[in-house]
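Trainee: Below are the structure tokens for one structure; questions will follow.
The values are calculated or read from the model by the stated rules, or taken from the named source; none is laboratory data. Keep in mind that this is a model prediction, so the values were computed, not measured. Methodologically, a virtual Cβ is constructed for each residue, glycine included, from the backbone with ideal geometry; neighbour enumeration extends over all protein chains shown.
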Amino acid sequence: MYESDKIMMKNLQFNRLVSWIALSVFSFLFVSCEKEKLAPKIFTDTEIAKLPDKTVFKLGETPDFSGLEVSEVYTDSTRKPTSHYKTEWTGNIFKKGSSNVTVRARDREVTFQITFSDELIETGLPVLYIETENEKAVDSKDEYVNANLIIKKEGETISENSLRIKGRGNATWSYPKKPYKLKLDTKTSILGMEEAKDWVLLANYCDKTLLRTSIAFQLSRLMHFPWTPDDQFVEVVLNGEYLGNYQITEAIEQGSNRIDIPEQGFIFERDGYYEQEPKHFVSALRGYGYSFKNPDPEDDLSDDQWHYIKNYMDEFESVLASETFADPQNGYRRYIDELSFVRWFIFQNILANMDTNVYLIKADMNDSKLSMGPVWDFEWSIGIGWYDGVRPRPADYYVWQSNAFYYDRLLQDPPFKAKVKELWNSISVTADILQHIEETSQLIAKSQELNFKRWDIMNEQVGVGGIPMGSYEKEVECDRQFFINHMNWLAGEISNY
């Protein structure tokens with residue numbers, strides 16, 4: 001083979017090799033591209049593409065995650081919007097602070113944060129914002145805690161005061177929703193009520209209408225009791241936590257704006273918890289325990305005053321037990337303001353109030369007589385209390401009649417019963433009370449919804465309360481119907497006095 005032929009052969013072989021290599025590389029690249037083109041994108045994660053329109057809420061506001069956008073993330077770094085996700089949140093809408101919301105999609109989860117401010121949603125009622133010093137808990141009935149009070153109405157601050165706060169109540173203090181006593185640093189008008197330092201926050205936890213105390217105070221005014229505590233429905237936020245619908249009321253105390261008797265006059269109470277009080281006494285004959293509101297039992301009540309009022313009550317009980325108890329000159333009328341006892345008896349029976357606070361007043365240590373009032377405590381009234389049957393409860397029963405306080409004996413005196421009948425015939429309260437129920441239930445309509453969202457007891461039997469009716473509207477209507485039935489029954493009964 002010629003040399004030229006050898007060179008030609010080598011070039012041909014080289015060209016073939018180059019072509020084979022080029023073909024192999026091309027084939028490799030082609031196959032790789034095809035493989036890449038056919039490889040599926042793999043889901044790797046979930047991410048928040050856009051936060052909700054709102055992430056800061058007011059106390060009591062149900063979180064709304066509208067505007068939230070969620071994407072699926074893939075191996076090629078692409079994002080795909082998805083609506084197939086769930087949000088999970090178990091925070092407390094009634095307490096200020098921040099918490100995480102979990103978003104779950106395809107077994108992946110991601111979180112974002114929402115915050116509740118210390119402002120309450122609008123219910124139409126004034127809001128009492130109470131902040132204690134260093135956010136100290138109010139967990140004692142004995143020790144006050146320093147605090148600041150801001151009252152807002154429709155979002156606007158209308159007053160600000162420094163005060164002290166502590167728990168109050170007996171059985172009511174044991175409930176989850178606590179009652180409180182407020183002592184302002186200076187005498188102040190709250191929500192238009194008369195100036196004073198001492199105020200009470202009633203929780204009304206057992207009352208599923210939230211109305212019984214309000215109804216009772218209205219009845220007290222209609223029946224012209226010498227003094228009835230003024231009151232307002234409010235919302236209460238304590239240290240950034242919504243506590244519920246409350247009634248702020250004037251406290252039972254001596255004063256020109258309250259029980260208008262001399263400073264050394266007596267305000268005392270037949271008290272089932274009298275032994276817990278610093279000074280008390282037990283009547284000799286009936287064994288009733290009494291505690292003092294005025295004079296202050298710790299600071300002002302003298303031994304002479306203590307002995308005087310105890311002896312007075314012992315003498316009254318002795319005369320009441322005697323055969324001549326009804327004597328016009330020397331019987332029980334020497335000791336009591338008869339009209340006040342008559343009025344108190346009718347009042348409690350209109351409400352069918354089974355377990356009330358029994359307050360008595362004696363203006364001085366001279367010739368003043370014992371009078372009944374003011375009225376207080378209506379937890380178990382208007383057909384509620386120690387009854388588990390069908391509601392509304394049958395209305396044919398008295399309270400404070402047999403073996404109850406001094407009325408068992410007073411009602412044995414025909415002239416006393418005649419005065420009961422006379423006063424009953426002079427009053428007309430049914431229409432006014434029914435109107436009060438309607439107007440007040442409308443006033444607190446939004447507030448009661450929030451309150452029973454906070455305290456979910458509408459389907460529970462609380463304390464010695466009756467069978468649950470299942471809704472606020474049914475509870476109100478049940479009490480309304482009982483009131484009508486009971487007034488009709490009383491009319492028939494008292495007509496026979």
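Trainee: Taking the condition within 24 Å of N294 (Cα to Cα) and touching an Asp or Glu at 6+ places or on another chain (Cβ under 7 Å), does S371 pass?
Mentor: Yes; evaluated as a whole, the condition is true for this residue.
Trainee: How many of the residues making up the range 103-128 are acidic (D, E) and in a strand (DSSP E or B)?
Mentor: 3
Trainee: Of these, E323, E317, which one is more than 34 Å from the chain's Cα centre (by Cα), outside any loop (DSSP other than H, G, I, E, B), over 17 Å from Y273 (Cα atoms) and of a type outside the set (F, W, Y)?
Mentor: The unique qualifying residue is E317.
Trainee: Right, something else. Can you tell me which residue is nearest to the chain's Cα centre (by Cα) among those in the range 179-203 that are of a type in the set (S, T, N, Q) and exposed (fewer than 15 other Cβ atoms within 10 Å of the Cβ)?
Mentor: Here the residue is S189.
Trainee: Scan the range 140-148 and tell me whether some residue there is in contact with a strand residue (DSSP E or B) (Cβ under 6 Å, 6 or more places away or on another chain), aromatic (F, W, Y) and not assigned by TED's automatic domain parsing to the domain that holds D198.
Mentor: No: the range 140-148 contains no residue that is in contact with a strand residue (DSSP E or B) (Cβ under 6 Å, 6 or more places away or on another chain), aromatic (F, W, Y) and not assigned by TED's automatic domain parsing to the domain that holds D198.
Trainee: Still on this model: Could you check the range 269-289 and list, in sequence order, the residues that are among the aromatic types (F, W, Y) and either in a loop (DSSP other than H, G, I, E, B) or not assigned by TED's automatic domain parsing to the domain that holds F316 (or both)?
Mentor: Listed by number, the residues that qualify are Y273, Y288.
Trainee: Looking at S381, is it assigned by TED's automatic domain parsing to the domain that holds G466 and under 30 Å from W173 (Cα atoms)?
Mentor: Taking the combined requirement at face value, the residue satisfies it.
Trainee: May I ask you to list the residues in the range 250-287 that are touching a residue at least 24 places away in the same chain (Cβ under 8 Å), of a type outside the set (G, A, S) and touching a helix residue (DSSP H, G or I) at 6+ places or on another chain (Cβ under 8 Å)?
Mentor: Q264, F266, F268, K279, F281, L285, R286
Trainee: Name the residues in the range 80-103 that are of a type in the set (K, R), in contact with an Asp or Glu (Cβ under 8 Å, 6 or more places away or on another chain) and within 20 Å of T62 (Cα to Cα), would you?
Mentor: K95, K96
Trainee: When you check R258 against the structure, is it assigned by TED's automatic domain parsing to the domain that holds L410 and either of a type in the set (K, R) or farther than 19 Å from T356 by Cβ (or both), yes or no?
Mentor: no
Trainee: Then there's this: Only one of N100, N146 is touching a helix residue (DSSP H, G or I) at 6+ places or on another chain (Cβ under 8 Å), surrounded by 11 or more Cβ atoms within 10 Å (Cβ to Cβ) and assigned to a strand (DSSP E or B). Can you tell me which?
Mentor: Going through N100, N146 in turn, just one is touching a helix residue (DSSP H, G or I) at 6+ places or on another chain (Cβ under 8 Å), surrounded by 11 or more Cβ atoms within 10 Å (Cβ to Cβ) and assigned to a strand (DSSP E or B): N146.
Trainee: Looking only at the range 421-442, count every residue that is within 19 Å of the chain's Cα centre (by Cα) and either loosely packed, with under 15 Cβ neighbours inside 10 Å or at pLDDT below 95 (or both) and tell me the total.
Mentor: 1
Every residue, every condition in (1) over 21 Å from I252 (Cβ atoms); (2) among the charged types (D, E, K, R), yes or no:
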{"residue": "K136", "(1), (2)": "yes, yes"}
{"residue": "E156", "(1), (2)": "yes, yes"}
{"residue": "S162", "(1), (2)": "yes, no"}
{"residue": "I190", "(1), (2)": "no, no"}
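Trainee: Under 30 Å from E133 (Cα atoms), at pLDDT 95 or above and not assigned by TED's automatic domain parsing to the domain that holds G466 - does that describe any residue in the range 213-226?
Mentor: No, the range 213-226 has no match at all.
Trainee: Only one of N451, N459, N485 is out of contact with any Ser or Thr (no Cβ under 7 Å at 6 or more places or on another chain) and closer than 17 Å to E379 by Cβ. Can you tell me which?
Mentor: The conditions single out N451.
Trainee: Would you please list the contacts, defined by Cβ atoms under 8 Å and residues six or more apart or on different chains, that run from a residue in the range 437-455 that is in the same structural domain as F94 (by TED's automatic domain parsing) to a residue that is surrounded by fewer than 16 Cβ atoms within 10 Å (Cβ to Cβ) and acidic (D, E)?
Mentor: Partner pairs satisfying both residue conditions: none exist.
Trainee: How do the pairs read when you match residues in the range 206-235 that are of a type in the set (K, R) with residues anywhere that are in a helix (DSSP H, G or I), using Cβ under 6 Å and keeping only pairs 6 or more apart or on different chains?
Mentor: As it stands, the answer is K208/E475, since those pairs meet every condition given.
Trainee: Would you confirm, using the coordinates I've provided, whether S140 is under 20 Å from the mean Cα position of the chain (by Cα), of a type in the set (S, T, Y) and either closer than 30 Å to Q276 by Cα or in a strand (DSSP E or B) (or both)?
Mentor: Criteria met by S140.
Trainee: Could you give me the residue pairs with C-beta distances under 7 Å whose first residue belongs to the range 168-186 and is touching a residue at least 12 places away in the same chain (Cβ under 8 Å), whose second residue is among the hydrophobic types (A, V, I, L, M, F, W, C) and surrounded by fewer than 18 Cβ atoms within 10 Å (Cβ to Cβ) wherever it lies, and which are 6+ apart or on separate chains?
Mentor: Pairs that qualify, where the first residue is touching a residue at least 12 places away in the same chain (Cβ under 8 Å) and the partner is among the hydrophobic types (A, V, I, L, M, F, W, C) and surrounded by fewer than 18 Cβ atoms within 10 Å (Cβ to Cβ), are P179/W173.
Trainee: What number of residues within the range 221-264 are assigned to a strand (DSSP E or B), under 20 Å from E194 (Cα atoms) and either touching a Lys or Arg at 6+ places or on another chain (Cβ under 7 Å) or of a type in the set (S, T, N, Q) (or both)?
Mentor: 5
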